[in-house]
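Undergrad: This is the structure, below, for whatever I ask next.
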Amino acid sequence: MVSTSDGQRAQGGSAPGGPATHDVTNQAPPLTPYDASADTALLQGLRREGAGWAEEDLRRVGRQAGSVQAQEWADLANRHEPELRTHDRYGNRVDEVEFHPSWHHLMRTAIAEGLAGSPWADDRPGAHVARTAGGLVWGHTEAGHGCPTSMTYAAVPALRRQPELAKVYEPLLTSREYDPQLRVPTEKPGLLAGMGMTEKQGGSDVRTNTTAATPTAEPGVYTLRGHKWFTSAPMCDVFLVLAQAPGGLSCFLVPRVLPDGTRNTFRIQRLKDKLGNRSNASSEPEFDGTVAWLVGPEGQGVKTIIEMVNCTRLDCVMMSAALMRKSLVEAGHHARHRSAFGARLVDQPLMRNVLADLALESEAATTLTLRLAGAADRAVRGDEGEAAFRRIATAVGKYWVTKRGPAFTAEALECLGGNGYVEDSGMPRHYREAPLLSIWEGSGNVNALDVLRALSREPGTVEALFGELDRARGADSRLDTAVTRLKRQLAEASQVTARRLVERMALTLQASLLVRHAPPAVADAFCATRLGGDWGHAFGTLPEGSGLDTVLERALPDVG
């Protein structure tokens with residue numbers, strides 16, 4: 001017979017004269033459920049950029065993104081990674097990738113909420129802003145499924161360069177229906193699009209591509225032979241692919257299933273074993289007699305597909321900003337509920353400084369993301385000035401915001417201490433995800449070179465950038481000085497100095513937006529540290545008197 005004291009020991013209770021060995025105290029409670037749209041900077045930017053009409057839907061998506069169920073989907077989709085199945089049981093080549101049901105739940109929700117191609121079918125001003133804001137909120141779940149939704153969104157403007165193909169496929173790419181089965185595209189309620197640009201010998205230098213496109217007897221139809229080195233989401237229905245045609249590097253539409261119902265040759269050699277982005281399948285496909293339709297003129301493949309790249313680069317900025325915000329929310333929640341050295345972490349001056357610094361970075365990233373989305377929305381509606389601004393500012397934002405992501409997520413993880421280093425906290429997944437966004441759609445060097453190219457070949461982009469900066473003229477002397485310095489540095493631009501130049505362009509642009517749209521304390525803290533030089537190299541080095549409480553209360557109203 002077990003005595004009472006022995007029974008207490010067996011159940012983890014208190015033994016006479018001593019404390020319980022396994023009582024859980026001083027741990028933060030679960031964050032979920034929470035509202036991922038509860039972000040003042042996000043909601044203000046949504047209204048400012050012309051999509052206030054979407055606020056009710058955004059708040060609904062925010063509550064769903066922060067729900068227990070959606071966060072569980074995110075965890076399961078990453079723990080149960082996609083699996084490649086090259087053959088069926090009878091030995092037939094099928095080249096299919098199988099996903100955990102949670103992946104499909106995430107995809108179905110994202111597409112139903114208009115986070116793929118649907119804005120192209122929406123005539124309302126601000127439709128593209130609403131989509132980007134939705135990504136900032138739904139991005140609180142997991143990042144991997146953002147790849148096929150982003151590429152589907154980006155494929156539409158590129159496909160429009162071949163109107164007869166766009167007429168067939170655009171209504172399906174802009175659908176809000178998700179159908180993961182491989183079937184004849186025109187027999188499905190909605191489609192997903194991917195792209196295949198890079199090859200192992202060239203990477204971003206796509207002009208070295210060796211995949212060959214051979215014309216057939218049918219006009220506009222070719223067969224491809226070659227490979228691609230990094231093609232994500234191979235279970236998409238159609239792909240935009242670059243290949244060498246007789247007239248030079250050209251863009252082609254490649255369906256997984258042909259109109260007669262047979263499988264197109266799309267041999268998946270293997271799935272990439274990646275650092276992060278584990279829920280998303282990235283593959284190496286081989287083409288051999290693969291049927292493809294020409295998109296745009298022969299020899300203008302880069303010019304055709306660049307429209308796709310402009311869109312996906314915006315999404316890289318958006319996904320980085322979403323990752324920052326999610327990491328900040330996690331860190332703030334932990335600090336609000338955890339105590340050390342006699343006080344809550346959030347009340348400790350050093351931790352408040354770190355959180356406030358992270359909040360500044362997050363707000364600057366979110367504000368810039370929505371400004372870029374506003375430029376994209378107005379550009380597609382014919383505003384040439386916004387198109388010029390979008391051209392240079394998207395490359396600038398892609399360079400800088402995605403560069404800040406890895407350092408940001410590392411600092412946010414550290415706010416949780418050892419708890420943050422453990423997988424079930426979710427923070428290691430954010431940390432592994434962050435570097436991808438500075439690599440995808442061109443590394444830092446590629447984007448810096450793209451800015452130099454815009455400066456030298458498209459002078460209208462410079463005028464558009466400084467036109468934007470001049471809207472804040474006279475509001476802050478540090479900003480005025482930074483703009484004057486930036487104008488002087490443009491004359492000295494070179495490849496050696498390109499990264500520093502683009503960094504300063506990004507910081508000056510972010511500062512100008514905050515000066516115009518954020519509370520004075522937020523703008524002052526940003527200008528003092530990012531422009532004024534009164535700032536250390538690590539997060540958490542804001543100087544005295546930099547409005548820490550105001551910055552924190554705006555970013556995390558439950559903190560303080």
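Bear in mind these aren't lab numbers, they're just calculated from the coordinates by the rules spelled out. Everything numeric here is computed off the predicted structure, so don't read it as measured data. Every residue, glycine among them, receives a Cβ derived from its backbone with ideal geometry; neighbour counts consider all protein chains shown.
Undergrad: I need the phi-derived Karplus couplings for the range 260-276: 6.51 cos²θ - 1.76 cosθ + 1.60, θ = phi - 60°, integer Hz, Gly and Pro marked x.
TA: 7, x, 7, 6, 5, 6, 8, 7, 8, 6, 6, 9, 6, 9, 9, 4, x
Undergrad: A follow-up question, please. Name the aspartates and glutamates eligible as straight-distance cross-link partners of LYS272: C-alpha to C-alpha under 15 Å, and not fewer than 8 places from it in the same chain.
TA: Hits, sequence-local ones excluded: GLU81, GLU83, ASP95, GLU96, GLU98, GLU199, GLU284, GLU286, GLU433.
Undergrad: Quick one: which residues, 5+ away or cross-chain, put their amide H under 5 Å from the amide H of VAL257? H built at 1.01 Å from N.
TA: ASN264
Undergrad: I've got another one for you. In nm, to one decimal, how far is the modelled label at TYR90 from the one at ARG59, with both set 7 Å along Cα→Cβ?
TA: About 5.6 nm, to one decimal.
Undergrad: Mind putting together the pair-distance distribution for the range 511-551? All Cα pairs, 10 Å bins, whole percent per bin, short to long.
TA: The calculated distribution, bin by bin, is 33, 57, 10.
Undergrad: Convert 10 °C to kelvin, take the viscosity as 1.306 mPa s, use the Kirkwood radius over C-alpha pairs of the range 40-299 as Rh, and evaluate the Stokes-Einstein diffusion coefficient in µm²/s, rounded to a whole number.
TA: In µm²/s, the coefficient is 83.
Undergrad: Something else now. Can you list the residues, at least 5 places off or on another chain, whose amide H is less than 5 Å from the amide H of TRP229, using H built in the peptide plane?
TA: Distant-sequence amide H within range of TRP229: THR198, GLU199, LYS200.
Undergrad: Here is a further query. Could you state the orientation-averaged shadow area of the convex hull built on the Cα atoms of the chain, in nm² to one decimal? Show your work: numbers first, answer last.
TA: Details: hull surface 121.5 nm².
Hull-based average projected area comes out at 30.4 nm².
Undergrad: Could you order peptides 264-272, 385-393 by the average number of other Cβ atoms within 10 Å of their residues, highest first? Display every interim value, and only then the final one.
TA: Numbers: 264-272: 17.4, 385-393: 22.2.
Most protected by this proxy first, the peptides run 385-393, 264-272.
Undergrad: Per residue of the chain, what 222 nm ellipticity follows from adding -39500 (n - 2.57) for every DSSP H run with n ≥ 4, rounded to the nearest 500?
TA: On the way: 19 runs with 274 residues, N = 560.
Rounded to the nearest 500, it is -16000 deg cm²/dmol.
Undergrad: In the chain, which whole DSSP H runs stretch at least 27 Å along their own axis (Cα) and average -0.5 or higher on the Kyte-Doolittle scale?
TA: Details: long enough: 301-337 (54 Å, 0.22); 349-380 (47 Å, 0.48); 384-415 (44 Å, -0.16); 498-517 (28 Å, 0.25).
In the chain, the long hydrophobic H runs are 301-337, 349-380, 384-415, 498-517.
Undergrad: For the residue pair HIS104 and ALA491, what label-to-label distance in nm results when each label sits 7 Å from Cα along the Cα-to-beta-carbon direction?
TA: It works out to 6.3 nm between the two label points.
Undergrad: Then there is this: Can you give me the Rg/Rh ratio for the range 459-560, using Cα atoms for both radii and the Kirkwood formula for Rh?
TA: We get a ratio of 1.01 for the range 459-560.
Undergrad: Distance check, please: which entries in LYS188/LYS326; LYS167/LYS274; LYS200/LYS403; LYS188/LYS398 exceed 27 angstrom between their Cα atoms? List each step's numbers first, then the result.
TA: Values: LYS188/LYS326 35 Å; LYS167/LYS274 37 Å; LYS200/LYS403 24 Å; LYS188/LYS398 34 Å.
The answer is LYS188/LYS326; LYS167/LYS274; LYS188/LYS398.
Undergrad: What ratio of Cα Rg to 2.2 N^0.38 Å holds for the range 305-555?
TA: Computed over Cα atoms of the range 305-555, the ratio equals 1.01.
Undergrad: For the range 112-182, what is the convex hull (Cα atoms) projected area averaged across all directions, in square nanometres?
TA: Working: hull surface 20.7 nm².
Its average projected convex-hull area is 5.2 nm².
Undergrad: Could I have the simple spin-label model distance between VAL221 and GLU177, label points 7 Å from Cα toward Cβ, reported in nm to one decimal?
TA: Using points 7 Å along Cα→Cβ, the separation is 2.6 nm.
Undergrad: Which whole-number percentage describes the relative contact order of the chain, with Cα contacts under 8 Å and a sequence gap of 6 or more?
TA: After rounding, I find 13 percent.
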